Amino acid sequence: MHKIAVVGEKDSILGFKAIGFEVFETGFETETAGILSRLADDDYAVIYITEQAAQTVKEEIQKYRSKRFPAIILIPGSQGSLGLGMRAVKESVEKAVGADILFND
């Protein structure tokens, strides 16, 4: 059975525990990369990661972009959004559709 995890800073992720997600607190780049790798190997289908934590492990996240599982979804942390999650959605839509249909400036 597939599982859902949330990775990030303690104050940003603790609320997810109340709805049944497994939470993994992180603080260092090497720690975050190791957690992502372990979760991917351990049948997690969806991994939510705060934008602040994702900033430090962009290459590790990129390894999973073309794979079916796990889906790695960037979420804002307690400090607010850095725009990384929305940028990732935009890039995925552009790749799938072939044009920017979300942000026609």
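The values are calculated or read from the model by the stated rules, or taken from the named source; none is laboratory data. Every value quoted in this text rests on a predicted model; they were computed, and no experiment measured them. Cβ: placed from backbone, ideal geometry, glycine included. Neighbour counts: every protein chain shown. In case anyone asks, the SASA skips ligands and DNA or RNA and just uses the protein heavy atoms, side chains included. Shrake-Rupley method; radii C 1.70, N 1.55, O 1.52, S 1.80 Å.
For segment 1-23, the criterion of being at pLDDT below 90, among the aromatic types (Phe, Trp, Tyr) and open to solvent by 40 Å² or more (accessible area, probe 1.4 Å) is met by no residue. In this structure, residue 58 qualifies as open to solvent by 80 Å² or more (accessible area, probe 1.4 Å) and at pLDDT below 90.
If you take the residues of segment 78-96 that are assigned to a loop (DSSP other than H, G, I, E, B) and within 14 Å of the chain's Cα centre (by Cα), which of them is modelled with the highest pLDDT? The qualifying residue modelled with the highest pLDDT is 81. On the stretch given as segment 65-77, residues that are closer than 20 Å to residue 3 by Cα and modelled with pLDDT under 85 total 4.
With respect to the conditions (1) touching a residue at least 40 places away in the same chain (Cβ under 8 Å); (2) farther than 18 Å from residue 13 by Cα; (3) in contact with a Pro (Cβ under 8 Å, 6 or more places away or on another chain), residue 43 falls short on a single one, namely (3).
Of all residues in segment 61-75 being farther than 16 Å from residue 8 by Cα and touching a helix residue (DSSP H, G or I) at 6+ places or on another chain (Cβ under 9 Å), which is surrounded by the most Cβ atoms within 10 Å (Cβ to Cβ)? This residue is 70.
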